[in-house]
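Working notes for the structure below.
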Amino acid sequence: MSDKTFSARVTVRLKNGVLDPQGKAIEGALGSLGFGGVGSVRQGKVFDIELQADSKKTAQSELEAMCEKLLANTVIEDYAVEIG
């Protein structure tokens, strides 16, 4: 079977309960700029990845391995993989 190209988006966020100083700074800056009603801000990272794989299942496994080994610090971060 030949490889197909899969487009994926990996979203990495700090786990609940982990202090997010950058999110707090953004939250304060939004308030200073006059954007009221912002309750809280959590920052994260997004990776758009094109991947060659023989199936969607294989692509999912490869992407999860990438997250576990490099893209996310799984001690303090959660990740989500979406394949389009």
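Laid out as a table, the results:
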| quantity | calculated |
| --- | --- |
| Given (1) in contact with a Lys or Arg (Cβ under 8 Å, 6 or more places away or on another chain); (2) surrounded by 14 or more Cβ atoms within 10 Å (Cβ to Cβ), number of the condition Gln52 does not satisfy | (2) |
| Residues (among the polar types (S, T, N, Q), closer than 27 Å to Glu82 by Cα and out of contact with any Leu (no Cβ under 9 Å at 6 or more places or on another chain)) located in segment 23-43 | Ser40 |
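Each reported figure results from applying straightforward, stated rules to the coordinates on display, with no laboratory input. No experiment lies behind these values; they were computed from the predicted model shown. Positions of Cβ are generated from backbone atoms using ideal geometry, with glycine treated the same way; all protein chains shown enter the neighbour counts.
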